[in-house]
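S.K.: Handing you a structure now.
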Amino acid sequence: MAQILKDEIRERILAAALDEFYERGYKLAAMRSIAAKAKISASLTYSYYKNKAELFDVVIRPVLYDWGQVLSASSDEEAKSFTGEVYGLSKAEMDCLLNLFEHRKEFIILINKSGGTKYEFEKERFIKEIEAHLLKHCADSSTDAFFIHIVANNFVDSLMQILYHYQGKEWAIKILHKLSKMYLSGIGF
């Protein structure tokens, strides 16, 4: 029985922290506010997580990726829609994106609300990995690196808009498919 209570309290803390970080960002989030949302004392919160940084790490863990590894996964197996249409993304890339849809708030926090943490430059790191991937696979060797930077940056911003305005998995996949076709076909893939 005690373990169930501990797990339930831990889940309440995590849910409260997710809401707090999403609403206020890391810098303005407060452990006492998280405790109040979880309906526990602040001291009990510290029994589970030693500080705000540790709690932040746990909240965003589901969306931490080695972007280079995801992007370089074998593209032999392309992701397909339910109708068999190819998306232009590898299965690994699509699996990653589906996870981001499931953990939208966590990814928004990581990319746009992590100032003051060791992750505050995660968006830039993500963009750089996409740039490297696009440059490696671009059919036109004369493509300007700055142009690729613009495409990668716009793709990440587009992904963020999908996550902010999420209307369901099928909707998000359709929008991503259209973006992928536009970006990848348009730059010579």
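A short reminder: the numbers here are calculations on the coordinates, not readings from a lab. Just so it is clear, the structure is predicted and the values come from calculations on it, not from any experiment. Cβ coordinates were reconstructed from backbone atoms using ideal geometry, including for glycine residues, and neighbour counts include every protein chain displayed.
S.K.: Each residue of region 102-110 in order: what ³J(HN,Hα) in whole Hz does its phi give by Karplus 6.51 cos²θ - 1.76 cosθ + 1.60, θ = phi - 60°, with x for Gly and Pro?
M.R.: 5, 10, 4, 4, 4, 6, 4, 4, 4
S.K.: Using a Cα-Cα cut-off of under 22 Å, which lysines could be cross-linked to K113, ignoring same-chain neighbours fewer than 8 residues away?
M.R.: K27, K37, K50, K52, K105, K123, K128
S.K.: Let me ask something else about it. If you compute semi-axes √(5λ) of the Cα gyration tensor in Å for the structure shown, which of (i) 36, 18, 13; (ii) 30, 21, 13; (iii) 23, 20, 17 do you land on?
M.R.: (i)
S.K.: Right, next: Tell me which of T117, F146, L64 sits at the most positive position along the dipole axis of the chain, charges placed on C-beta atoms (Lys, Arg +1; Asp, Glu -1).
M.R.: Among T117, F146, L64, the one farthest towards the positive end of the dipole of the chain is T117.
S.K.: Find the relative contact order for the chain and round it to a whole percent, using C-alpha pairs within less than 8 Å whose residues are 6+ positions apart.
M.R.: 20 percent
S.K.: I would also like to ask the following. Suppose we flag GluC sites (Glu not before Pro) only when DSSP calls them loop and at most 16 other Cβ atoms lie within 10 Å. Which is the longest uninterrupted stretch of the chain?
M.R.: 1-76
S.K.: What residues have an amide H closer than 5 Å to that of S90, excluding those fewer than 5 places away on the same chain, when H is modeled at 1.01 Å from N in the peptide plane?
M.R.: Residues meeting the criterion, in which the H sits 1.01 Å from N, are A79.
S.K.: Could you give me the ³J(HN,Hα) list for region 133-147, computed from phi with Karplus coefficients 6.51, -1.76, 1.60 and θ = phi - 60°, whole Hz, x at Gly and Pro?
M.R.: Values per residue, Gly and Pro as x: 5, 5, 4, 5, 9, 6, 6, 9, 5, 8, 4, 5, 4, 5, 4 Hz.
S.K.: In addition: Expressed in nm to one decimal, what extension gain is obtained for the pair E170 and A42 from 0.36 nm per residue of sequence separation less their Cα-Cα distance?
M.R.: 42.1 nm
S.K.: Now for a separate question. Just to check I understand the Karplus step: with θ = phi - 60° and J = 6.51 cos²θ - 1.76 cosθ + 1.60, what whole-Hz values come out for region 171-178, glycine and proline as x?
M.R.: Result, rounded to whole Hz: 4, 4, 5, 4, 5, 4, 4, 4.
S.K.: In debye to the nearest 20, how big a dipole does the chain give about its Cα centre with +1 on each Lys and Arg Cβ and -1 on each Asp and Glu Cβ?
M.R.: 840 debye
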